[in-house]
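Read the structure below first, then the notes.
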Amino acid sequence: MHVRALDLPGVFLFEPVKHGDHRGFFSETFRHSVFAEHVPGVDLVQDNHSLSAEAGTLRGLHFQTPPHVQGKLVRCPRGRIVDVIVDIRRGSPTYGQHLAVELSAENWLQLWVPAGFAHGFCTLEANSEVSYKVSDYYCANCDGGIAFADPALGIDWPYPISDLRVSDKDKSLPKLADLDNPFTFDTKGAAA
């Protein structure tokens, strides 16, 4: 498995190897020892899987607050998505900056989203599936998010905002400047 650090502190792109022949392929998509080498002290405890029926479906930008913060290892085993993360750790040198990565069944990449980042994605193909491992269990009382269309973030979504398929919940999320933000940046790059 190849791993490379991205421009935001603590964010990594994992690239599992596919071994294929005329029958199809085999791929080891997760190995704890490789993950722990790059993201020490984090255990992944729950797997989530979503299907978006139409291209232009947007989910996000979500996070979980303390005491149940979640890091996410995200992949797209079917279809294609633009995966977007935003650093929301107060005091971070990259606070408010975002990163967008295409994840697809073809490129087989996985994005590590540390705690203290808001996460969302937009589907580029119909029937795209997203699968992700998380570092804590879902907790409805800790569920949070920021507005995907916050102009201060400058996210260039792949479709016009008016054409995106978005839940009512995601349409009502606050802008980053209006967020009662529980995340701070520590010197190791993690959310504190």
Quick test for you: out of 44, 13, pick the one residue that is of a type in the set (A, V, I, L, M, F, W, C), surrounded by 13 or more Cβ atoms within 10 Å (Cβ to Cβ) and not in a strand (DSSP E or B). 44
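Picking from 89, 80, which residue would you name as being under 25 Å from residue 160 (Cα atoms) and either surrounded by 23 or more Cβ atoms within 10 Å (Cβ to Cβ) or not small (Gly, Ala, Ser) (or both)? Please lay out each step first, then the result.
On the way: 89 fails: under 25 Å from residue 160 (Cα atoms).
Answer to the selection: 80.
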Quick check, is residue 116 touching a Phe, Trp or Tyr at 6+ places or on another chain (Cβ under 7 Å) and at pLDDT below 95? no
Across (1) farther than 14 Å from residue 64 by Cβ; (2) aliphatic (A, V, I, L, M); (3) at pLDDT below 95, residue 101 clears everything bar (3)
Within the range 16-41, restricting to residues that are aliphatic (A, V, I, L, M) and not in a helix (DSSP H, G or I), the one that is surrounded by the most Cβ atoms within 10 Å (Cβ to Cβ) is 39
Scan the range 82-91 and give yes if some residue there is over 17 Å from residue 121 (Cα atoms) and either of a type in the set (Gly, Ala, Ser) or assigned to a strand (DSSP E or B) (or both), otherwise no. yes
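The values are calculated or read from the model by the stated rules, or taken from the named source; none is laboratory data. Here the structure is a predicted model, which is why all the values come from computation and not from measurement. Cβ sites come from the backbone with ideal geometry, for glycine too, and all protein chains shown count toward neighbours.
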